[in-house]
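A short worksheet on the structure shown next.
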Amino acid sequence: MTFLITGATGNVGGELVTQLIDAGHQVRAYVRNPDKARQQLPEAAELAVGDLDDTAALGEAAEGVDGIFFMQAAPIPAQAQNLVDAANAAGVRRIVVLSSIGTVLHPMPIIGAAINARDEVLHASGLDVTCLKANTLASNALWWKNGIATEGKVYDPTDPGLTAPIDTYDIARVAATVLTEPGHEGHSYILNGPEALSAREQVEILADVLGREIEFVSVTPEQFAEVNISRGTPEPQARSLQDLQELFRAGRSGVLTEDVQNLTGVAPRTFRQWAEQHRADFN
């Protein structure tokens, strides 16, 4: 089978490309920078060059594939429609989209509403769509890298709320499963790690793995937003993140499901396992 992967050089897409190739499938990686992609991706990956606004390149990339994994840097409905049009023209039925747990929280966060609007374009297409609604990514801990390196501190606005951080390796395992197996059309799955943790607990685990002291500094979502705005983050973006962090702080995404294990037969990795795998990234 042959699959088209968008976002192929990202944390999830890159892992998915590798897993599909290792399983004996053909992979077409849709990338903007072929030089970067060739350095990151397995040699066996075929490269298709373009972006999600390039309808001609996207249409060509969709030709002859059995399914598409759809991941965007930002949830833009017009780009989702471009993908739907390309899939319809190429006769591709199966689309697996990386979505977010934010689309099922109530009240829905601003970011969740934007992702949900994108997802609705896919659901309205009549194609065989499967949504992977991921919880917090374990790799988000890399956002703490500079603070740990320069101050030995982590500033976080979500404590004491719990999330269930998931390794992108496990998201890719689920994506590979639902792309290559029938029966997932029209389904949505909530993907999370095996344990609900506060940011403070994640930092404690990280400190133990790295063998160094890390001070956890709790700030409010509003304080966090004001600092980001002062550093040049556009205010709408900073306020959207503040809105999401307020829900995290209230523990609204501390949800545990067994979808990863039920779909793949293997439990997702713990945050500690992720930290051990990525210890070198913090040095």
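Annotations
- The lone exception for Ser240 - which of (1) touching a residue at least 60 places away in the same chain (Cβ under 8 Å); (2) of a type in the set (Gly, Ala, Ser); (3) within 24 Å of Gln277 (Cα to Cα); (4) in a helix (DSSP H, G or I) it fails: (3)
- Scanning the range 256-278 for residues that are surrounded by 15 or more Cβ atoms within 10 Å (Cβ to Cβ) and among the hydrophobic types (A, V, I, L, M, F, W, C) returns Val260, Leu263, Phe271, Trp274, Ala275.
- Glu185 being surrounded by fewer than 18 Cβ atoms within 10 Å (Cβ to Cβ), of a type in the set (Asp, Glu) and within 16 Å of Asp156 (Cα to Cα): no
- Comparison of Ser198, Ser253 shows that the only residue that is crowded, with 18+ Cβ neighbours inside 10 Å and without any contact (Cβ under 8 Å) to a residue 60 or more places away in the chain is Ser198.
- Residue within the range 5-28 that is touching a residue at least 24 places away in the same chain (Cβ under 8 Å), assigned to a strand (DSSP E or B) and aliphatic (A, V, I, L, M) present: yes
- Residues in the range 64-122 that are more than 24 Å from Glu15 (Cα to Cα) and in a loop (DSSP other than H, G, I, E, B): Gly91, Val104, Leu105, His106, Pro107, Met108, Pro109.
- Test result for Ala207, free of Cβ contacts under 8 Å to residues at least 60 places away in the same chain, of a type in the set (A, V, I, L, M, F, W, C) and either on the phi > 0 side of the Ramachandran plot or not in a strand (DSSP E or B) (or both): yes
- Residues of the range 83-106 that are surrounded by 16 or more Cβ atoms within 10 Å (Cβ to Cβ) and closer than 18 Å to Gly50 by Cβ: Leu83, Val84, Ala86, Ala87, Ala90, Val92, Ile95.
- Filtering Leu132, Leu127 for residues that are closer than 29 Å to Ala89 by Cα, modelled with pLDDT of 95 or more, buried (at least 23 other Cβ atoms within 10 Å of the Cβ) and not β-branched (Val, Ile, Thr) leaves a single hit, Leu132.
- Residues that are surrounded by 14 or more Cβ atoms within 10 Å (Cβ to Cβ), more than 20 Å from Ala74 (Cα to Cα) and of a type outside the set (Phe, Trp, Tyr) within the range 3-33 comprise Val17, Thr18, Gln19, Leu20, Ile21, His25, Gln26, Val27, Arg28, listed in sequence order.
- Test: residue in the range 150-167 that is buried (at least 18 other Cβ atoms within 10 Å of the Cβ), part of a helix (DSSP H, G or I), at negative phi and touching a residue at least 24 places away in the same chain (Cβ under 8 Å): no
- The residue of the range 52-78 that is surrounded by the fewest Cβ atoms within 10 Å (Cβ to Cβ), among those that are in contact with a Ser or Thr (Cβ under 9 Å, 6 or more places away or on another chain) and not hydrophobic (A, V, I, L, M, F, W, C), is Gly64.
- For the range 156-188, the set of residues classified as farther than 12 Å from Thr136 by Cβ and touching a Leu at 6+ places or on another chain (Cβ under 6 Å) consists of Ala172, Val174, Ala175, Ala176, Thr177, listed by residue number.
- The range 135-147, subset crowded, with 23+ Cβ neighbours inside 10 Å and modelled with pLDDT of 95 or more, residue farthest from Ala238 (Cα to Cα): Ala138
- On the stretch given as the range 250-283, residues that are of a type in the set (A, V, I, L, M) and part of a helix (DSSP H, G or I) total 4.
- Residues that are buried (at least 18 other Cβ atoms within 10 Å of the Cβ) and of a type outside the set (Ser, Thr, Tyr) within the range 235-245 comprise Ala238, Leu241, Gln242, Asp243, Leu244, Gln245, listed in sequence order.
- Test: residue in the range 199-221 that is at pLDDT 95 or above, over 18 Å from the mean Cα position of the chain (by Cα) and over 22 Å from Glu151 (Cα atoms): no
The values are calculated or read from the model by the stated rules, or taken from the named source; none is laboratory data. Here the structure is a predicted model, which means the values were calculated and not measured. Methodologically, a virtual Cβ is constructed for each residue, glycine included, from the backbone with ideal geometry; neighbour enumeration extends over all protein chains shown.
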